[in-house]
Protein chains: 2
Amino acid sequence: MERLPGFRDFYPEPLPHSDVWSCDARQYVFDKWRTMARRYGFREYDGPPLEPLELFTTKSGDEIVRQLYNFTDKGDRPVAMRPEMTPTLARMAAAHERAYKKPFKWFAIPQLFRYEKQQRGRLREHFQFNADVIGEPEAAADAELIALVIDTLRSLGLTADDFWVRLSSRRAWQDFYANANGDPTRAYEFYQAVDKLERDKPEEIDQKLRAAGTSLEAVTRFIEAGEPTAELKQIVDDLGARGLGDYVKVDYRVIRGLAYYTGPVFEAFDRKGEFRAIAGGGRYDNLIKLISGGKVDLPALGFGMGDVVLLELLKSRGLLPKFDGGLDAFGLVEDEALRPQTLALIQRLRGAGFAVDYALTKAKSDKQFKRAQDLGAKHTLRLERNEAGALLAKIRNLSTRKESAVTPDEAEAALRSS
Amino acid sequence: MERLPGFRDFYPEPLPHSDVWSCDARQYVFDKWRTMARRYGFREYDGPPLEPLELFTTKSGDEIVRQLYNFTDKGDRPVAMRPEMTPTLARMAAAHERAYKKPFKWFAIPQLFRYEKQQRGRLREHFQFNADVIGEPEAAADAELIALVIDTLRSLGLTADDFWVRLSSRRAWQDFYANANGDPTRAYEFYQAVDKLERDKPEEIDQKLRAAGTSLEAVTRFIEAGEPTAELKQIVDDLGARGLGDYVKVDYRVIRGLAYYTGPVFEAFDRKGEFRAIAGGGRYDNLIKLISGGKVDLPALGFGMGDVVLLELLKSRGLLPKFDGGLDAFGLVEDEALRPQTLALIQRLRGAGFAVDYALTKAKSDKQFKRAQDLGAKHTLRLERNEAGALLAKIRNLSTRKESAVTPDEAEAALRSS
């Protein structure tokens, strides 16, 4: 039986097949995400992977809706597996915003889903680090959020040589469009066309832009002028004060595809331009109001950073560690009469925080030792009796090959210092 | 807009409403699960939350199939959101078993789903700690797995006064049923009836048991005799050698509802009997063969421990810590001219591993200080210039109220020692 197309199996390393993903690498990235978010004062939240369909249909723009993994549940409700986290966050924030002092900083690591019929090879799920600031209208919050993107990528070993954040402004593009007397009902198509500047053919883009009331030439001129708004300048200065100036550049080619952005927007890219965006986000000051039916009006901003591009990038840069089970010791049982005492000692060592595995059943010495090596254990551990009949624990460091013999009471200390 | 019935929102603490769940408590439990699994030498894996429907329909018994959250996807595939992890594990293990030396020990923390039309108040999703041992037929593996259940619960502060593991044997029940000349085609109904002994009415149970060819009286006599099989005795002795004897008791009332169990089975319960099972599992030596269409034949065993009962139990026993953002420091900006320097210092402290938040925008001193308190920060951090114009970092411990004044270079050490 096969898994569904577009879904991933995550196995422990070393990986058995090129068709599967590393659960170790995934958890390594999740840990870095979580650690940096907490260091920045973000608190974790989560919502359901399944939401009412309407939470997504009018808020995010056509593109995401076309790709929804939606169906009707057994209670006849139109539902969708979440394609992005922001609408859920907006729903949750609106429901209980009074309980949290503004601004509040939240993060989540949801699995997200999409269903595209046409592209069979493409993944239908991914994990995404989401961090958002709710209730702060000033650009200082945008800078803080971008700093979190940068420091998260740095914590994975990426440097200013590997990536940069392209900073832009949806508001600047809104002003451009208004000045060009663009058709307000076609604003979303306009953003979509600009968003695809670097992917679609110039003639197609130009056609779409002209339909919206402007042109590729006007858009290109605006991008090339590249005059930072006061808001963007403030963000760049703020990041500069943190020593992160090298990581950010104003670049109006970025506009973000989703409909709901209202202010500064940004995307992180690898500098070589080999991969799709590593992360992207921006300000969405109207979304919470929209989702709460006008009941709650709070400015907000956030970003998403997916696991797929990031893992590909880390792999290509040699930045993923080799993973094993991290065993501190493997217990050998050479004398079955000492199995109960070995179990007692292992219990004690695990209780003290060591990762310990052992020979579950009777086996030859060399087979047990081979298993300790296969599992990447740092030490072997073996009980024996001395001539006086007292128990001795023999602890061997498998890299230095040094062995020490201690009493079982001393085994914990010996393991710690070996 | 509301979330779907039966799904949970997880918020940061303090909780805004009794209707939502704590993401902090959830992550606290996940961390304990993960830590203990690794300490026992288990490796993490994960599969898709959505699987082909047929992965579940014939393997798990009617009960789980009736409650499936299933639908037809846009590619006309019958699919189901996973109701349990074991079939996915069996699929994954069968696909790549050759790459892993037997036995292998794996764990996962999946979210699982079910859909019951009749019981509207009941949850439709939960998270479950799953740990399995693949490729080991001997009872030593069963003991190791049960020890992991016990130590995991102990790591959450639960003791032998709080819970116990009831150990039984599906094989002993199979033998009982064969000796009673039970109808082999009704074996599943027989297990189901025994599984419900403590929940359904005696007359109903008796009727079902008689339909299968035995009786409540015969079943009760078997349970009361309670003679441990050699296999169960071995498990009890093994756990005894670890000092975990107080946590386990042979009790044939346990049989487990799922169809696929073949050997020892067990369930962990709170001793007061206030809650449903905290965890349950057992041996399923035929499932991998079944799921791989006969290609791979490996003995296996595992357990599941859900988050819902566990969190309720921990709460009722006062074993959940109070959670806050864990901020080491909150940066006050009293002189806006020093904001860039404050940002630089915060960047440095975060880089050194401290969790630091700060006043994002200009605000009055007392308001900033109030925010530091609201966020539960351990220290405040404030830059000022001395008469000579040099920068001073003032670090105040908010519980001792002691303040120290150091150079920005010394701030990291001061924070660490305060």
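Odds and ends about this structure:
- Residue within region A:267-283 that is away from chain B (no Cβ under 14 Å), β-branched (V, I, T) and open to solvent by less than 40 Å² (accessible area, probe 1.4 Å) present: yes
- Pick from region B:136-173, criterion surrounded by fewer than 19 Cβ atoms within 10 Å (Cβ to Cβ) and of a type in the set (S, T, N, Q), ranking: farthest from the other protein chains (Cβ to nearest Cβ): B:T159
- The set of residues in region B:277-293 that are over 14 Å from B:K59 (Cβ atoms) and modelled with pLDDT under 95 is empty.
- Verdict on B:R122 being surrounded by fewer than 16 Cβ atoms within 10 Å (Cβ to Cβ), touching a residue at least 24 places away in the same chain (Cβ under 8 Å) and of a type in the set (K, R): yes
Yes or no, residue by residue, for (1) within 23 Å of the chain's Cα centre (by Cα); (2) small (G, A, S):
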site	(1), (2)
A:P5	yes, no
A:E13	yes, no
A:G41	yes, yes
A:D62	no, no
A:F71	no, no
A:V79	no, no
A:R91	yes, no
A:Y100	no, no
A:F107	yes, no
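- Residue match in region B:251-259 (condition: outside any loop (DSSP other than H, G, I, E, B) and surrounded by 15 or more Cβ atoms within 10 Å (Cβ to Cβ)): no
- For region B:67-118, the set of residues classified as without any contact (Cβ under 8 Å) to a residue 40 or more places away in the chain and of a type in the set (D, E, K, R) consists of B:D73, B:K74, B:D76, B:R77, B:R82, B:R98, B:K101, B:K117, listed by residue number.
- Any hit, region A:7-30, residues being more than 8 Å from chain B (Cβ to nearest Cβ), closer than 30 Å to A:L298 by Cα and either in a helix (DSSP H, G or I) or at pLDDT 95 or above (or both): yes
- Residue check for B:G326: under 24 Å from B:L398 (Cα atoms), touching a helix residue (DSSP H, G or I) at 6+ places or on another chain (Cβ under 7 Å), of a type in the set (G, A, S) and surrounded by fewer than 20 Cβ atoms within 10 Å (Cβ to Cβ): yes
- Flag not set for A:K364, criterion: within 28 Å of A:W33 (Cα to Cα) and basic (K, R).
- Condition check for A:R350: among the charged types (D, E, K, R), touching a helix residue (DSSP H, G or I) at 6+ places or on another chain (Cβ under 6 Å) and under 29 Å from B:D142 (Cβ atoms): yes
- Residues in region A:272-299 that are more than 13 Å from A:L258 (Cβ to Cβ) and small (G, A, S): A:G273, A:A279, A:S292, A:G293, A:G294.
- Count - residues of region A:382-397 that are within 24 Å of B:R38 (Cβ to Cβ) and out of contact with any helix residue (DSSP H, G or I) (no Cβ under 7 Å at 6 or more places or on another chain): 3
- So B:T214, is it of a type in the set (V, I, T) and either open to solvent by 30 Å² or more (accessible area, probe 1.4 Å) or within 14 Å of another protein chain (Cβ to nearest Cβ) (or both): no
- Just one of (1) surrounded by fewer than 24 Cβ atoms within 10 Å (Cβ to Cβ); (2) touching a Lys or Arg at 6+ places or on another chain (Cβ under 7 Å) fails for A:I291. It is (1).
- Meets criteria (among the basic types (K, R), more than 8 Å from chain A (Cβ to nearest Cβ) and without any contact (Cβ under 8 Å) to a residue 40 or more places away in the chain) for B:R3: no
- Listed by first and then second residue, the pairs linking a residue in region B:184-213 that is over 20 Å from B:R256 (Cβ atoms) and assigned to a loop (DSSP other than H, G, I, E, B) to a residue that is among the hydrophobic types (A, V, I, L, M, F, W, C) and open to solvent by 100 Å² or more (accessible area, probe 1.4 Å), with Cβ atoms under 9 Å apart and 6 or more places separating them unless they lie on different chains, form an empty list.
- Any hit, region A:107-130, residues being outside any strand (DSSP E or B), more than 9 Å from chain B (Cβ to nearest Cβ), within 24 Å of B:A355 (Cβ to Cβ) and out of contact with any strand residue (DSSP E or B) (no Cβ under 8 Å at 6 or more places or on another chain): no
- Residue list for region B:337-352, restricted to those being open to solvent by less than 30 Å² (accessible area, probe 1.4 Å) and under 22 Å from A:T152 (Cβ atoms): B:T342, B:L343, B:L345, B:I346, B:Q347, B:L349, B:R350
- Annotation: A:V133 fulfils all but one of (1) more than 10 Å from chain B (Cβ to nearest Cβ); (2) assigned to a strand (DSSP E or B); (3) among the aliphatic types (A, V, I, L, M); the unmet one is (1).
- Among the residues of region A:373-417, those identified as basic (K, R) and in a strand (DSSP E or B) are A:R382, A:R385, A:K394, A:R396.
- Apart from one condition, B:R385 fits all of (1) touching a strand residue (DSSP E or B) at 6+ places or on another chain (Cβ under 8 Å); (2) within 14 Å of chain A (Cβ to nearest Cβ); (3) open to solvent by 60 Å² or more (accessible area, probe 1.4 Å); the exception is (2).
- Candidate set from region B:227-247 (those that are more than 14 Å from chain A (Cβ to nearest Cβ) and touching a strand residue (DSSP E or B) at 6+ places or on another chain (Cβ under 6 Å)); member that is least open to solvent (accessible area, probe 1.4 Å): B:L232
Yes/no matrix, rows are residues, columns are (1) at the interface with another protein chain (Cβ under 10 Å from one of its Cβ atoms); (2) farther than 20 Å from B:R242 by Cβ; (3) touching a Cys at 6+ places or on another chain (Cβ under 7 Å):
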{"position": "A:S316", "(1), (2), (3)": "no, yes, no"}
{"position": "A:L320", "(1), (2), (3)": "no, yes, no"}
{"position": "A:L338", "(1), (2), (3)": "no, no, no"}
{"position": "A:A344", "(1), (2), (3)": "yes, no, no"}
{"position": "A:Q347", "(1), (2), (3)": "yes, no, no"}
{"position": "A:G351", "(1), (2), (3)": "yes, no, no"}
{"position": "A:Y358", "(1), (2), (3)": "yes, no, no"}
{"position": "A:Q368", "(1), (2), (3)": "no, no, no"}
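- Residues located in region A:369-395, provided they are within 39 Å of the chain's Cα centre (by Cα) and not small (G, A, S): A:F369, A:K370, A:R371, A:Q373, A:D374, A:L375, A:K378, A:H379, A:T380, A:L381
- Exactly one residue out of A:M36, A:M85 is touching a Leu at 6+ places or on another chain (Cβ under 9 Å), open to solvent by 10 Å² or more (accessible area, probe 1.4 Å), assigned by TED's automatic domain parsing to the domain that holds A:V308 and under 30 Å from B:G331 (Cα atoms): that is A:M36.
- Single residue of A:E312, A:E410, A:E334 found to be surrounded by fewer than 20 Cβ atoms within 10 Å (Cβ to Cβ) and under 24 Å from B:F42 (Cα atoms): A:E334
The values are calculated or read from the model by the stated rules, or taken from the named source; none is laboratory data. Keep in mind that what you see is a predicted model, and the values were worked out from it rather than measured. As a convention, Cβ positions derive from the backbone with ideal geometry for all residues, glycine included, and neighbour counts pool all protein chains shown. Quick note on the areas: whole protein, heavy atoms, side chains included, nothing else; ligands and nucleic acids left out. Shrake-Rupley method; radii C 1.70, N 1.55, O 1.52, S 1.80 Å.
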